[in-house]
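Undergrad: My structure is below; once you've seen it, I'll send some questions.
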């Protein structure tokens with residue numbers, strides 16, 4: 001049994017890699033951090049970076065009014081807007 | 001040609017062809033089941049290969065993650081291999097009275113031991129890092145356990161040539177592989193401390209808790225008080241942004257017994273598994289304690305609610321198993337404001353001025369602060 005498993009492991013790995021690539025292409029969206037201005041409620045969207053978390057208050061100033069922003073969600077989204 | 005095979009020899013048919021069919025039918029009658037078992041074993045074998053690759057990959061990823069995240073003093077490989085093999089013996093249930101407290105004791109012991117072991121790898125790491133590592137090791141451990149169980153039944157079925165063991169395993173393999181894919185995807189999410197679908201409850205309550213003073217009511221569980229429409233609202237969630245679920249059962253007990261708060265209502269907000277065909281992020285209202293897990297927290301909340309005659313209302317956000325443990329989908333996150341509206345509606349309709357209401361955000365709060 002072990003022989004059969006190890007023998008076909010490479011083959012399965014190749015199939016998996018192909019499948020993973022296909023899935024990534026078809027389904028997986030990008031991960032975005034969405035921030036909102038505390039005063040004018042304008043939302044901004046950027047790609048997720050390590051260290052981001054929801055309700056983080058230290059995410060810079062609003063480009064429109066200069067007030068503090070807050071991270072309101074970190075989500076996977078297929079369609080890129082902005 | 002085919003006509004010759006099915007014709008009698010005296011009608012000009014082929015004698016060999018005429019004999020093939022009865023032999024074929026006889027062989028299939030005698031060995032058909034064995035042949036089917038052989039095909040099933042091959043199919044399970046292919047899935048087992050995939051499972052093995054996933055498990056091995058996850059193991060390596062866990063080791064690499066621990067090395068990067070908490071920078072341990074010594075090589076953690078052996079210790080992590082040891083963690084992945086940890087087991088928990090559940091209490092005996094021959095006499096079920098009082099078993100919930102025994103389960104709670106065992107589960108707390110397991111959690112504490114794991115946390116201490118992880119902390120011993122890197123004593124200077126912070127709470128968020130340690131809880132993230134704890135979650136990642138738990139996923140690695142789950143994959144390891146699933147692989148070992150499937151391998152056990154595969155080998156057992158093969159050795160005993162038991163058609164029924166093989167077929168049962170073949171039937172549940174798609175469900176097992178779906179769970180494995182979900183865990184594999186979850187590993188990436190947890191490594192990056194991103195919020196998961198199950199974190200929608202804490203995310204909703206966390207939004208209401210923002211900029212308010214909190215107190216620790218139970219281990220890794222925070223409580224906030226605030227006034228809304230002349231009512232006192234108690235908000236509760238696990239401490240984020242680390243990967244915690246807190247101890248909501250014990251926390252509710254503490255609010256009622258230690259703080260002597262007379263609760264009018266308990267509102268629980270949680271993620272719930274959707275049925276096929278249901279929309280991700282759809283909201284449903286109901287009654288009862290909306291909380292998963294092994295059952296200890298649910299038991300405690302139900303016990304307190306029943307003894308003090310407190311109605312328990314539930315709001316759930318529907319999602320699949322994969323969505324619940326991987327990065328939060330936009331459809332789920334966007335339900336936040338709607339759920340807050342429903343919560344406020346329940347508070348207004350089911351309580352009067354001066355009442356105390358407890359709102360609990362249930363779930364893993366990874367990537368979600370307050």
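The values are calculated or read from the model by the stated rules, or taken from the named source; none is laboratory data. For clarity, every value in this text was computed on a predicted model and none was experimentally measured. Virtual Cβ from ideal backbone geometry, glycine too; neighbours counted across all protein chains shown.
Undergrad: Answer yes or no as to whether residue B:202 is within 14 Å of chain A (Cβ to nearest Cβ) and under 20 Å from the mean Cα position of the chain (by Cα).
TA: So residue B:202 passes the test.
Undergrad: OK, next. For the range B:222-241, indicate whether the set of residues that are surrounded by fewer than 24 Cβ atoms within 10 Å (Cβ to Cβ) and part of a helix (DSSP H, G or I) is non-empty.
TA: Scanning the range B:222-241, I find no residue that is surrounded by fewer than 24 Cβ atoms within 10 Å (Cβ to Cβ) and part of a helix (DSSP H, G or I), so the answer is no.
Undergrad: Among residues belonging to the range B:318-337 that are away from every other protein chain (no Cβ under 11 Å) and not in a loop (DSSP other than H, G, I, E, B), point out the one that is surrounded by the fewest Cβ atoms within 10 Å (Cβ to Cβ).
TA: Filtering the range B:318-337 for residues that are away from every other protein chain (no Cβ under 11 Å) and not in a loop (DSSP other than H, G, I, E, B), the one surrounded by the fewest Cβ atoms within 10 Å (Cβ to Cβ) comes out as B:321.
Undergrad: Conditions: (1) within 12 Å of chain A (Cβ to nearest Cβ); (2) surrounded by fewer than 17 Cβ atoms within 10 Å (Cβ to Cβ). Residue B:184 meets all but one. Number of the miss?
TA: Of everything listed in (1) within 12 Å of chain A (Cβ to nearest Cβ); (2) surrounded by fewer than 17 Cβ atoms within 10 Å (Cβ to Cβ), residue B:184 misses just condition (2).
Undergrad: Are there any pairs, at least 6 apart or on different chains, whose C-beta atoms fall under 8 Å, with the first in the range A:55-74 and within 13 Å of chain B (Cβ to nearest Cβ) and the second exposed (fewer than 12 other Cβ atoms within 10 Å of the Cβ) and assigned to a strand (DSSP E or B), and if so, which?
TA: Qualifying pairs under 8 Å: A:68/A:61.
Undergrad: Residues that are in contact with a strand residue (DSSP E or B) (Cβ under 6 Å, 6 or more places away or on another chain): find the helices (runs of 4 or more DSSP H) completely inside the range B:109-218 holding 1 or more of those.
TA: Hits in the range B:109-218: B:163-191, B:200-209.
Undergrad: In the range B:37-60, is there at least one residue being under 22 Å from residue B:192 (Cα atoms) and loosely packed, with under 14 Cβ neighbours inside 10 Å?
TA: Yes, the range B:37-60 has at least one match.
Undergrad: Among the listed residues B:69, B:73, B:50, identify the single one that is within 14 Å of another protein chain (Cβ to nearest Cβ) and modelled with pLDDT under 85.
TA: Of the residues listed, the single one that is within 14 Å of another protein chain (Cβ to nearest Cβ) and modelled with pLDDT under 85 is B:69.
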